[in-house]
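Written out below as C-alpha cells is the structure these notes cover.
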Amino acid sequence: MIPIITAFEQSPDRGQGLARDMPVRWALEEVGQPYEVRLVSFSAMKESAHRSLQPFGQIPTYEEDDLVLFESGAIVFHIAERHAGLLPNDANARARAIAWMFAALSTVEPVIVQREVSLYLERDKTWHEERLSIVEERIRSKLDDLSTRLGAGEWLDGAFSAGDLLMVQVLRRLSGSCLLDDYPNLVAYVTRGEARPAFKRAFDAQLAIFAGKLPSPYSN
C-alpha cells in the first residue's frame, strides 16, 4: 500500500511549507517513497473519523496497510527507520541522529512556537512587547548553542540525517524574523537544507495545493 498522509485543505501558512505535513513530505521524498495526500478541512479535522487517526484533531496522519501514525516527528522517525537515507548505519551515529531529532522538536522548536503564539494571539495584551522580548532572548540562547555546535560543519553530525531534516524545518519557522541573521552558519545550514532536491519536491507539492485553493482569509 502506498502511504497516505493528511494535509490542510486550506493551509494557514500560505503554502510556505511550515505546516506539519511538510517534514513528512520531505522525508518521503528523501527516501524515494511514493505517497498520496488526503486533504482535510478544518471542520473535518475535528470530526470523529479524523480523530480516530489523530486524537487531537490535527495534521498530519500517516496510514500504511494496518499502521496509523500521528505526530510529524514520530512519522519521520518511522520513515527513517524503514528506508535507507535518513539514519546512519553505524549504531552510535544512528543514536546521535535520533538525539538531534528530539533536540529539534523538544529543545529548539517549543520556544519558537511561543514566539508565534505571542505574535498571533497576544498582540493586544499590555505585556506583549515585554513577553516577546523575553521569548526572543530564549530563542537566541538556543541559537547560540546550536550555532556553536554546528560550527563550520555542513550538517550536525556528519552526513545529512533525519535530525537535520527536522532541525532545518524548525529553523525555517524563524523566516522573516531576522533572528537568524546573527548566525551566518545557521543561515547557510537552512539554505543547504532548502536546496536539497527532495525538499524542493516536497515544497512544490504542498505549495501547489495552496496555489489552487487560496484560503478565504487571504482572498482578495
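Every residue in the range 158-188 that is assigned to a helix (DSSP H, G or I), of a type in the set (A, V, I, L, M) and touching a residue at least 12 places away in the same chain (Cβ under 8 Å), please.
Those that are assigned to a helix (DSSP H, G or I), of a type in the set (A, V, I, L, M) and touching a residue at least 12 places away in the same chain (Cβ under 8 Å): Ala162, Leu165, Leu166, Met167, Val168, Val170, Leu171, Leu174, Leu186.
Being farther than 30 Å from Met1 by Cα, touching a helix residue (DSSP H, G or I) at 6+ places or on another chain (Cβ under 9 Å), in contact (Cβ under 8 Å) with a residue 60 or more places away in the chain and exposed (fewer than 15 other Cβ atoms within 10 Å of the Cβ), is that true of even one residue in the range 123-134?
Looking for residues that are farther than 30 Å from Met1 by Cα, touching a helix residue (DSSP H, G or I) at 6+ places or on another chain (Cβ under 9 Å), in contact (Cβ under 8 Å) with a residue 60 or more places away in the chain and exposed (fewer than 15 other Cβ atoms within 10 Å of the Cβ), one finds none in the range 123-134, hence no.
Could you list, in sequence order, the residues of the range 32-44 that are under 19 Å from the mean Cα position of the chain (by Cα), free of Cβ contacts under 8 Å to residues at least 40 places away in the same chain and open to solvent by less than 60 Å² (accessible area, probe 1.4 Å)?
Scanning the range 32-44 gives Tyr35, Val40.
Can you give me the number of residues within the range 1-40 that are aliphatic (A, V, I, L, M), under 24 Å from Asp164 (Cα atoms) and assigned to a loop (DSSP other than H, G, I, E, B)?
Qualifying residue count for the region: 2.
Does Leu53 fit the bill of being hydrophobic (A, V, I, L, M, F, W, C), in contact (Cβ under 8 Å) with a residue 12 or more places away in the chain and under 16 Å from Asp164 (Cα atoms)?
Here the answer is no, as Leu53 does not meet what is asked.
Matching residues to (1) in a strand (DSSP E or B); (2) in contact with a Phe, Trp or Tyr (Cβ under 7 Å, 6 or more places away or on another chain); (3) farther than 22 Å from Pro3 by Cβ:
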{"position": "Tyr62", "(1), (2), (3)": "yes, no, no"}
{"position": "Gly73", "(1), (2), (3)": "no, no, no"}
{"position": "Val76", "(1), (2), (3)": "no, no, no"}
{"position": "Glu81", "(1), (2), (3)": "no, no, no"}
{"position": "Ala84", "(1), (2), (3)": "no, no, no"}
{"position": "Ala103", "(1), (2), (3)": "no, no, yes"}
{"position": "Pro110", "(1), (2), (3)": "no, no, yes"}
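Among the residues that make up the range 133-145, is at least one of them modelled with pLDDT under 95 and among the β-branched types (Val, Ile, Thr)?
Yes; the residues of the range 133-145 include at least one that is modelled with pLDDT under 95 and among the β-branched types (Val, Ile, Thr).
The values are calculated or read from the model by the stated rules, or taken from the named source; none is laboratory data. Only a predicted model underlies this, so the values are computations on that prediction, with no experimental measurement involved. So basically every Cβ, Gly included, is an ideal-geometry build from the backbone, and we count neighbours across all protein chains shown. The protein model used for the area step is the full one, side chains on, heavy atoms only, and it has no ligands, DNA or RNA in it. Shrake-Rupley method; radii C 1.70, N 1.55, O 1.52, S 1.80 Å.
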